[in-house]
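Comments concern the structure below.
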Amino acid sequence: MLLPEDQPITDDTIVIIVGTNRRNSLSSQIARYYQSLLAELNVSSVILDLSGLPADFITTALYENTGKNPEFNRYKDVVERAKKLVFVVPEYNNSYPGVLKAFIDGMSYPSGLANKKVALVGLSASHQGGALALSHLNDIFSYLNTNTLALRVKLAHIRNFWKDNTLHHDLYNQLLRQQAQQLITF
Ligand SMILES: Cc1cc2nc3c(=O)[nH]c(=O)nc-3n(C[C@H](O)[C@H](O)[C@H](O)COP(=O)(O)O)c2cc1C
């Protein structure tokens, strides 16, 4: 699911962002898992996967080209309409993926993400679980007046625990459910 076309988006819909444009990323699988956790809590959500962004958005949708790429505008509209979002963020070179920064830079400034409520989930092949990636992202959101939930979930060594579309790690599951519940009442 790259961008919802057939799903109704209401004011209560939580938007889950897949924070990489890598095709078939593990982040996209975790995003779907998060969506199922929200569904168990009777909350509807949609997934925006950055892999569906127009490949040329850096040259056709940013700066002097703001508003000129209709496909990018669809993404931007969904994000800017949302009140609550979840960012599922893989650790790339000890930070978050560059494409996510470019995507954020493509939002309206200064108010595109202001006053929204955001939950952060990090994942990594190694031991950090995207801890620093989420800290970097949190700094950006703080600058943009975006409110991040204090509980950031870090899924380290994700490949050891993600099997058959399920997360086989009791603490990770507990933390994700806790975060989802907190986001609903945030
Ligand atoms: C460009 C790139 C850089 C990466 N850098 C790191 C890293 O610094 N630390 C780490 O633990 N894993 C790193 N990884 C692995 C991803 O964090 C790991 O595969 C993650 O669990 C899921 O990434 P995905 O959503 O792209 O599948 C990197 C992967 C890519 C593609």
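All of the numbers you see were taken from the coordinates with simple rules; none came from a lab. What you see is a predicted model, and the numbers here were worked out from it, not measured in a lab. Positions of Cβ are generated from backbone atoms using ideal geometry, with glycine treated the same way; all protein chains shown enter the neighbour counts.
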field: Spatially near lysine pairs across the chain, Cα under 30 Å, sequence gap of 8 or more or different chains
entry: 27
Exposure proxy ranking, count of Cβ atoms within 10 Å, fewest first, for Phe186, Phe141, Phe87: Phe186, Phe141, Phe87
- prompt: Can you list residues whose amide H is under 5 Å from Lys154's amide H, if they're 5+ apart or on another chain and H is modeled 1.01 Å from N?
  reply: Gly122
message: Let me check against my output: what whole-number percent is the relative contact order of region 14-185, with C-alpha pairs under 8 Å and at least 6 apart?
response: 21 percent
query: Using unit Cβ charges (K, R positive; D, E negative) and no other charged atoms, how large, in debye to the nearest 20, is the dipole of region 113-185 about its Cα centre?
result: 80 debye
message: Kirkwood Rh over alpha-carbon pairs of region 45-107, then Stokes-Einstein at 4 °C and 1.567 mPa s: what D in µm² s⁻¹, rounded to an integer?
response: 104 µm²/s
statement: Listing Val153, Val86, Val78, Val118 by rising number of other beta-carbon atoms within 10 angstrom, fewest first, gives Val78, Val118, Val153, Val86
- prompt: Amide H neighbours of Ile47 under 5 Å, counting only residues 5+ apart in sequence or on other chains, H built in-plane at 1.01 Å?
  reply: Ile16
message: So if I place +1 on the C-beta of Lys and Arg and -1 on the C-beta of Asp and Glu, and nothing else carries charge, what would the dipole magnitude of region 1-134 be about its Cα centre? I want it in debye, nearest 20.
response: 220 debye
field: HN-Hα J in Hz across region 9-21 - Karplus 6.51, -1.76, 1.60, θ = phi - 60°, x for Gly and Pro
entry: 10, 10, 4, 8, 5, 8, 9, 9, 9, 8, x, 9, 9
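What do you get for GluC sites (Glu not before Pro) in region 1-91 restricted to DSSP loop and a cutoff of at most 14 other Cβ within 10 Å of the site's Cβ?
On the way: sites: Glu5, Glu40, Glu64, Glu71, Glu80, Glu91; in loops: Glu5, Glu91.
Passing sites in region 1-91 are Glu5.
Please compute the length gained on full extension between Asp164 and Asp105, using 0.36 nm multiplied by the number of residues separating them and subtracting their Cα-Cα distance.
Fully extending the segment from Asp164 to Asp105 adds 17.7 nm.
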field: Compactness index (Cα Rg / 2.2 N^0.38 Å), region 140-186
entry: 1.39
- prompt: With point charges of +1 on the Cβ of Lys and Arg and -1 on the Cβ of Asp and Glu, referenced to the Cα centre of the chain, which listed residue (Val43, Tyr75, Ala180) lies farthest in the positive direction of the dipole?
  reply: Ala180
Antiparallel DSSP beta bridges within region 67-186, percent to nearest 5: 20 percent
query: What order do you get for Lys76, Lys83 when you list them from fewest to most C-beta neighbours inside 10 Å?
result: Lys83, Lys76
field: Additional length obtainable on full extension of the chain from Ser126 to Gln181, 0.36 nm per residue less Cα span
entry: 17.1 nm
- request: Relative to the longest principal axis of the C-alpha atoms of the chain, give the angle of the C-alpha long axis of helix 131-143, reported between 0 and 90° and rounded to the nearest 10°.
  value: 40 degrees
field: Rg and Dmax [Cα atoms of the chain; Å; Rg one decimal, Dmax integer]
entry: 15.3, 48
